[in-house]
1. Taking the residues in segment 107-136 that are surrounded by 17 or more Cβ atoms within 10 Å (Cβ to Cβ) and hydroxyl-bearing (Ser, Thr, Tyr) as candidates, determine which candidate is farthest from residue 65 (Cα to Cα).
2. With respect to residue 51, determine if the residue is open to solvent by less than 30 Å² (accessible area, probe 1.4 Å), in contact with a Leu (Cβ under 6 Å, 6 or more places away or on another chain) and modelled with pLDDT of 90 or more.
3. So how many residues does segment 152-210 have that are buried (at least 16 other Cβ atoms within 10 Å of the Cβ), of a type outside the set (Asp, Glu), out of contact with any helix residue (DSSP H, G or I) (no Cβ under 9 Å at 6 or more places or on another chain) and over 19 Å from residue 119 (Cβ atoms)?
4. Under 8 Å by Cβ, and 6 or more places apart or on different chains, what pairs join a residue from segment 132-149 that is free of Cβ contacts under 8 Å to residues at least 40 places away in the same chain and farther than 17 Å from residue 41 by Cα with one that is among the hydrophobic types (A, V, I, L, M, F, W, C) and in a loop (DSSP other than H, G, I, E, B)?
5. Just the residues that are among the aliphatic types (A, V, I, L, M) and touching a residue at least 40 places away in the same chain (Cβ under 8 Å), please, taken from segment 59-73.
6. For segment 96-105, how many residues are in contact (Cβ under 8 Å) with a residue 24 or more places away in the chain and either open to solvent by 20 Å² or more (accessible area, probe 1.4 Å) or among the small types (Gly, Ala, Ser) (or both)?
7. Using beta carbons and a limit of 9 Å, which pairs, at least six apart or on different chains, have the first residue in segment 74-94 and closer than 20 Å to residue 45 by Cβ and the second one among the acidic types (Asp, Glu) and open to solvent by less than 60 Å² (accessible area, probe 1.4 Å)?
Amino acid sequence: MERNKKQIPWFYSFARGVVTPIISLLYRVKFTNRDNIPENGAYIIISNHLSNVDPVIMGMGQRKRKLHFMAKAELFKNKFFAGLITALGAFPVFRGEGVDQEAISTGEDILKEGGVMVIFFEGKRSKTGEFLRPKTGAMLIAHATNTPIVPACITPEKKLMKVFRKTRVSFGEPVTPEQLGIDVNNPVPNPRELRNASKKVMGMLEEMRSKEVF
């Protein structure tokens, strides 16, 4: 049975409405295939990562869905700021050695309730604008929840995001974990399958970027 979306909270819609014209002006953002994410059901958006405004840009690109993000735990130390970004769909992840199982579980719960989660699967921002080696955490969640993946590619003019340069954001067609070679019927995820799936999604991002023209 399809997992239905939740109603978008008013504060999330209000905040998105406030920041959209500002970010659109500063980064001259243009979206392609933003409707590739249906209005209902759980999806994982997997994207490359270039700047601190990436989560905002992703949220701008999906006006009919609330997006959820992993954010580094350090951002939640201030209670006021923690409350703000939590309302905007963020939840903490502790970076370092190993996998933050609590963050993984939170992501899984969001998807099981029919939400949309964004994962910047390189694990950190690219300082050069080039793609980095993808991590497998997103595929681990996709395996556990059997959730379709929507690849998304952020492409800035001249590789790096800077104020008043053009930014292009493309969304690909949803693909299932099975289509990426992940056996969701196996209760124990196969590390090689997860790595290969991550590489396949990165290949999709590379193809989308190759089609961008400024």
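1. Result: 126.
2. no
3. Total satisfying the criteria: 0.
4. Close Cβ pairs (under 8 Å, with a partner that is among the hydrophobic types (A, V, I, L, M, F, W, C) and in a loop (DSSP other than H, G, I, E, B)) amount to 137/99; 137/121.
5. 60, 67, 70
6. 2
7. From residues that are closer than 20 Å to residue 45 by Cβ, the pairs are 92/100; 93/100.
The values are calculated or read from the model by the stated rules, or taken from the named source; none is laboratory data. Computed from a predicted model, the values in this text were never measured in an experiment. With ideal geometry, Cβ positions are generated from the backbone for all residues, glycine too; neighbour counts draw on all protein chains shown. These accessible areas exclude ligands, DNA and RNA; they are computed on the full protein's heavy atoms, side chains included. Shrake-Rupley method; radii C 1.70, N 1.55, O 1.52, S 1.80 Å.
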